[in-house]
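All remarks here apply to the structure that follows.
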Amino acid sequence: MADTIWVYAEVVGGAVTPTTLEMLTKAAEVGTAEAVLLGSAPADAVATLGAYGASKVYRGDDPTFDSYLMLPAIEVVASLLQAHQPAAMLFASSYAGRDVAAGLSAKLDCGAITDVGDFQLSDGNVKATIPALGGSYLATSTFTHAGPRLLLVRPKSFEPKHTGGSAVVEAVPAPADAALRKVQVVDRVDVPVEGPQLDAARAIVSGGRGLKSGEAFHALIPPLAELLGGAVGATRAIVDAGWVPYAMQVGQTGKTVKPDVYIAVGISGAIQHLAGMKQSKAIIAINSDPLAPIFQLSDLGIVGDAAQILPLLIDEIRERK
Amino acid sequence: MHVVVCGKVIPDINQLTLRIDPDTKRLHRKDEPHILDPAAAVAVEEALQLVEQHGGSISFVTMGPSDAATGIRTALALISTANIPAAAVHLLGDEFAGSDTLGTAKALAAAIKQLPPFDLIICGTEASDTYAGIVPAQLAWQLGIPPLTFANKVVGVEGNTLTINRQSETGYAVVKADLPALVSVTSGLNEPRNPSLKGIMAARKVDVQTYSASQLGLGPDDVGASAARERVETVGAPEARKAGRILESDGQPDTVWAQQAAKEVADFLASLKVI
């Protein structure tokens, strides 16, 4: 249908993900929003999707979707896309979202635009806006071939709105083909993260290679974050260097964050990192290199040695509290 | 086992400001120093560890302009450093230019079909210049093999079954599939070794097999800009985020400046009502 937009809904940790709700809100503003929800989900998931704009939910609750990754979901969504031909289908730039969109693109020989920050429908096609190279450019992209149009949407691109609607449900059976059960989930392990989560934190203190060592990072960054009731972030460079786990990575390949204040310590501002934190309401940067790109988007930039400044800052904040 | 590593050779992201060519609307690549993508180096390292354990050989496959040759040698040197038989394939030529993710996956799949039968394909989860992150799963589909994506740990191969820990939003999932399969590895799961001088020398003696698109039976509907299912229409400057105040020491001793800087940051945090 010309203005129907589908959203691939995801459930993480027992709740519909924020990005799902953001995408539904946008889809409902642009046209008629419908969702596809596969696998186990909380009892109120369909009601939640409806409340954020979905008028219909294609619901497959067969355990196959949980036990076998990707291939059953790709098979089911491909048939639904061919039968109903929505104008576009939105996926979160998440693990599952990227895998399902990639598989659909290969199976249906159709396009997938990645890293989408915004989009509109015009003359039956989609015009997507992409903050390229960490937002140093804004590109617009469109589809050139017939067939399904898949968009991988960046988290926090849209403001989710609870509009209080409700969705009708159409049940979707799992595919019977045993050949689709190739990627088997043996176990799921939750790794608890201490303190506030990056995605939800109002304050984030992040460190980069300018801190010079993992020891310096651990001595300075978590105490300041804790003092501010905030979360700890990191650049890809120091995740790659093994100072901190991947779960702390902020950036294009890590978390996208939008806190009230983002404090970047010893971070030069590589494109990869900026992509994940640029939307922060206020940015403070502390870096010894006056030419570091991070200063160009900081509300307050301090040229100086973080190892000297941070302990004093921690003392100063303690005194004021 | 025969492991195929697919990776990119990219402009050195640490040394220059990436820019987009206003005419082609693609990432500017020509004349920039090129390196083996750090994500690909992680994939090579993971291949080395598996082959060191199980025996076998490694082939490196990449698509890119002639500049990619430097990165191919790096990959070969890493493989040779571990004394593992190495081969490399370079998809080269203007027919490939402007390929989208799906075109790239088709080209890689066609090249891999020219190689001896493989047991495993390893890729990074996403390249460090474009970060699309969907080529590995597209490639697995093209080859008809199971995709084990976003591995933050390769647990191991037992019999014919490969098990990985797949990164998730809340931790990880233990996931398994039968070989041949494809694994995409996240950037932090190993520390790539440095090539030895002996490895670098040995890598020079390896013949790199090049293929054009037509040699692989690929046409303008499969690869290149004409096959891309998406087109970049415009590239513009975003709404610039204004730089605010940037404060520098005016020559006072470092300790004095550090004290003043700490006060400035605390004042700013107070104005934001964070403290």
Exercise. For region A:147-234, what is the per residue volume of the convex hull drawn over the alpha-carbon atoms, in cubic angstrom?
Worked result: 271
Exercise. Taking the inverse of the average 1/r across all pairs of different Cα atoms in region B:92-171, what Kirkwood radius in Å do you get?
Worked result: 14.1
Problem set entry | Nonlocal amide H pairs with B:I35, under 5 Å, H built at 1.01 Å | B:I10, B:D12
Problem set entry | Members of A:K255/B:K263; A:K56/A:K258; A:K56/A:K255; B:K8/B:K113; A:K212/A:K258 lying beyond 21 Å, as alpha-carbon distances in this model show | A:K255/B:K263; A:K56/A:K258; A:K56/A:K255; A:K212/A:K258
Problem set entry | Of all DSSP beta bridges in chain A, antiparallel share, percent nearest 5 | 25
Exercise. If only Cα atoms are counted, what is the Rg of the protein assembly as shown, and what is its Dmax, in Å?
Worked result: 24.0, 74
For this session: Using just the helices of chain B, give the 222 nm mean residue ellipticity in deg cm²/dmol: DSSP H runs with n ≥ 4 each add -39,500 (n - 2.57), and the total is spread over all residues, rounded to 500.
Result: -9000 deg cm²/dmol
Seminar exercise, completed: Correct semi-axes for region A:25-173, from √(5λ) of the alpha-carbon gyration tensor and rounded to whole Å with the largest first, are 24, 19, 15
Problem set entry | Gap separating the Cα centres of region A:201-258 and region A:148-182, nearest whole Å | 32
Exercise. Does region A:216-321 classify as rounded, prolate or oblate by the C-alpha gyration tensor (a ≥ b ≥ c root eigenvalues; a/c under 1.5 gives rounded; else a/b over b/c gives prolate, otherwise oblate)?
Worked result: rounded
For this session: Report the semi-axes of the equivalent ellipsoid for region B:1-124 in whole Å, largest first, where each axis is √(5λ) for an eigenvalue λ of the Cα gyration tensor.
Result: 26, 16, 11
Exercise. Per residue, what volume in Å³ does the convex hull of the Cα atoms of chain A enclose?
Worked result: 145
Exercise. Add -39500 (n - 2.57) for each DSSP H run of 4 or more in chain A, then divide by its residues: what number comes out at 222 nm, to the nearest 500 deg cm²/dmol?
Worked result: -8500 deg cm²/dmol
Exercise. When you take every Cα atom in region A:29-77, what is the radius of gyration, and what is Dmax, the widest Cα pair distance, in Å?
Worked result: 11.8, 35
For this session: Quote the FRET efficiency, to the nearest 0.05, computed for A:V191 versus B:S214 with a Förster distance R0 of 56 Å and r equal to the Cβ-Cβ distance.
Result: 0.70
Exercise. Using the eigenvalues of the Cα gyration tensor, what equivalent ellipsoid semi-axes result for chain B when each is taken as the square root of five times the eigenvalue, whole Å, largest first?
Worked result: 38, 25, 20
For this session: Can you pull a Stokes-Einstein diffusion coefficient for region B:162-275 at 20 °C (1.002 mPa s), Rh from Kirkwood over Cα pairs, as a whole number of µm²/s?
Result: 93
Problem set entry | 10 Å binning of all Cα-Cα separations within region A:92-240, expressed as whole percents from 0 upward | 8, 21, 29, 26, 12, 2
For this session: Would you mind giving the mean number of other chain beta-carbons within 10 Å of the Cβ of each residue in B:139-149, as a whole number?
Result: 5
Exercise. Extension gain A:L121-A:E319, at 0.36 nm per residue separation less the Cα-Cα distance, in nm?
Worked result: 65.9 nm
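All of the numbers you see were taken from the coordinates with simple rules; none came from a lab. This structure is a prediction, so every number in the text was calculated from the model and none was measured. As a convention, Cβ positions derive from the backbone with ideal geometry for all residues, glycine included, and neighbour counts pool all protein chains shown.
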